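Engineer: Handing you this structure, nothing more for now.
The values are calculated or read from the model by the stated rules, or taken from the named source; none is laboratory data. This is a predicted model, so every value here is computed, not measured. No Cβ is skipped: glycine too gets one built from the backbone with ideal geometry, and neighbour counts run over all protein chains shown.
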Amino acid sequence: MYCVSTARTDVELLQVEQIAINVHDVDRAVKFYRDVLGLPFLFQVPQMAFFQCGEVRLMLGIPSEPEFDHPSSTIYFRVADIEAAHPDSSSGSRAPQTICAPRG
């Protein structure tokens, strides 16, 4: 499944900032990413762990809801102006919408 936002088309994406990866056992995933792959471990909080991979941060986490438990990743982009990229709907701007479609 892939998703696109209909909110803005003029937002400049600067770089990938973070990638979220679903896991079911955070401690086991930490051992793999740290001990097998050798990625620099940043920190761990309940149900999440963070690693550095070059300039990109990896977030390993247990899905918060069943509908988010799928074999996919979420990519977070850095933008030049987060306020312009995601306008406050209370200011009268159109709230962003996300459209998802199955792959294939």
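Engineer: Here are the criteria: (1) touching a helix residue (DSSP H, G or I) at 6+ places or on another chain (Cβ under 9 Å); (2) of a type in the set (Gly, Ala, Ser); (3) at pLDDT below 85. Tell me which single one Gly61 does not satisfy.
Structural biologist: Of the numbered conditions (1) touching a helix residue (DSSP H, G or I) at 6+ places or on another chain (Cβ under 9 Å); (2) of a type in the set (Gly, Ala, Ser); (3) at pLDDT below 85, the odd one out for Gly61 is (3).
Engineer: While we're here: From the list Ala20, Ala29, which residue is in a helix (DSSP H, G or I), among the hydrophobic types (A, V, I, L, M, F, W, C) and either in contact with a helix residue (DSSP H, G or I) (Cβ under 6 Å, 6 or more places away or on another chain) or touching a residue at least 24 places away in the same chain (Cβ under 8 Å) (or both)?
Structural biologist: Only one candidate passes the filter, namely Ala29.
Engineer: Of everything in region 18-39 that's surrounded by 13 or more Cβ atoms within 10 Å (Cβ to Cβ) and over 14 Å from the mean Cα position of the chain (by Cα), which residue is farthest from Val79 (Cα to Cα)?
Structural biologist: Phe32
Engineer: Would you pick out the residues in region 54-75 that are of a type in the set (A, V, I, L, M, F, W, C), over 9 Å from Ala20 (Cβ atoms) and loosely packed, with under 14 Cβ neighbours inside 10 Å?
Structural biologist: Matches in region 54-75: Phe68 only.
Engineer: Ala7: small (Gly, Ala, Ser) and either under 23 Å from Ile82 (Cα atoms) or modelled with pLDDT of 95 or more (or both), yes or no?
Structural biologist: Answer is yes for this residue.
Engineer: Something else: Give me the residue from region 62-85 that is part of a strand (DSSP E or B) and among the hydrophobic types (A, V, I, L, M, F, W, C) and, out of that set, nearest to Gln44 (Cα to Cα).
Structural biologist: Filtering region 62-85 for residues that are part of a strand (DSSP E or B) and among the hydrophobic types (A, V, I, L, M, F, W, C), the one nearest to Gln44 (Cα to Cα) comes out as Ile75.
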